[in-house]
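This report refers to the structure that appears directly beneath it.
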Amino acid sequence: MTDKQTQAIADEGNMEKDPSTWVTGDEPMTGAQRSYLTTLSEEAKEPFDGSLSKAQASVRIDELQQLTGRKPPDHQPVTDRQE
């Protein structure tokens, strides 16, 4: 396998998946998500919703990162991706 082939496979494996397709997306958000959402909500002066699922929390994190300027410049929110 060439270096380009190896890198292409690695890139695909590291792609962020759409939260709506997550197998565990309906489960309650993780402790890490809860903590980060609390911080982002406070910074953005937005209400915190502790009832979100893992998938919903991921989308909300993207939204709040955008509002607070924490989103990396090359990051594309999963809700805006075209397949």
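If I take every Cα pair under 8 Å that is 6 or more residues apart in region 20-72, average their sequence separation and divide by the length, what percent do I get for the relative contact order?
Details: 49 pairs, mean separation 23.3, N = 53.
Contact order relative to length: 44 percent.
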Open item on the list: Using only the Cα atoms of region 20-72, what semi-axes does the equivalent ellipsoid have when each is the square root of 5 times a gyration tensor eigenvalue? Give whole Å, largest first.
Closed with: 19, 12, 8
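No lab work stands behind these numbers, since they all come straight from the coordinates. None of these values were measured; they are calculated from a predicted model.
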